[in-house]
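The values are calculated or read from the model by the stated rules, or taken from the named source; none is laboratory data. On a predicted model such as this, the values are computed, not experimentally measured, just so you know. Cβ placement follows ideal geometry from the backbone for every residue including glycine, while neighbour counts extend to all protein chains displayed. What goes into the accessible areas is simple: the full protein's heavy atoms, side chains included, and nothing from ligands, DNA or RNA. Shrake-Rupley method; radii C 1.70, N 1.55, O 1.52, S 1.80 Å.
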Amino acid sequence: LVSPQVGQVAPAMRGRRAYADRRRRAKYFDISLFGEPAWDILLDLFIAAKEGRKVSVTSACIGAAVPSTTALRWIIVLENQELVSREDDPKDARRAFLHLTTKAYSQMIEYLSTMVPAASNECEELFV
């Protein structure tokens, strides 16, 4: 059994690791080889939810690491799939925030909970 504390922390840590892994991969390979803007947006919004941060549409586009027009198209797809919702900024009519829907948040928890925890130095020893 997983304790509630571990069950709440592990998906957040794994989400951060997955997002960082995707950014790190770009240091070694052409980023266009691994284009998954929808996944990057979902990870970004999940991490933000866990940290209690709001993510603007502009920030989500930057976090997706693709041209903003491409990211905006994917945001629309995610909205149509009821994975992401948009909220107007009450203080600035030019800005909107994105949030994971309850459905998407639950799916992210489920998926990230199935990821294998990072092995410390054991993995490095395999490649020495």
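If you roll a 1.4 Å probe over the range 54-103 with all protein chains in place, what percent of the accessible area is carbon or sulfur? Mind showing how you got there, number by number?
Working: 1720 of 3200 Å².
Exposed carbon and sulfur together represent 54 percent of the surface.
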May I ask for the net charge around W74, where only other residues with Cβ less than 14 Å from the Cβ of W74 are counted and Lys, Arg are +1 while Asp, Glu are -1? -2
How do V66, V84 stack up against each other in accessible area, from largest to smallest, with a 1.4 angstrom probe? V66, V84
Just want to confirm a number: the relative contact order over the range 12-94, from Cα pairs under 8 angstrom separated by 6+ residues, in percent. 26
Between E79 and M115, how many nm apart are label points set 7 Å from Cα along the C-beta direction? 2.7
Net charge around A10, counting only other residues with Cβ within less than 13 Å of its Cβ (Lys, Arg = +1; Asp, Glu = -1)? +3
Surrounding net charge for W39, when Lys and Arg each add one and Asp and Glu each subtract one, Cβ distance under 12 Å: -3
Exposure ranking of R24, R17, R94, R73 by accessible area [1.4 Å probe, largest first]: R94, R73, R24, R17
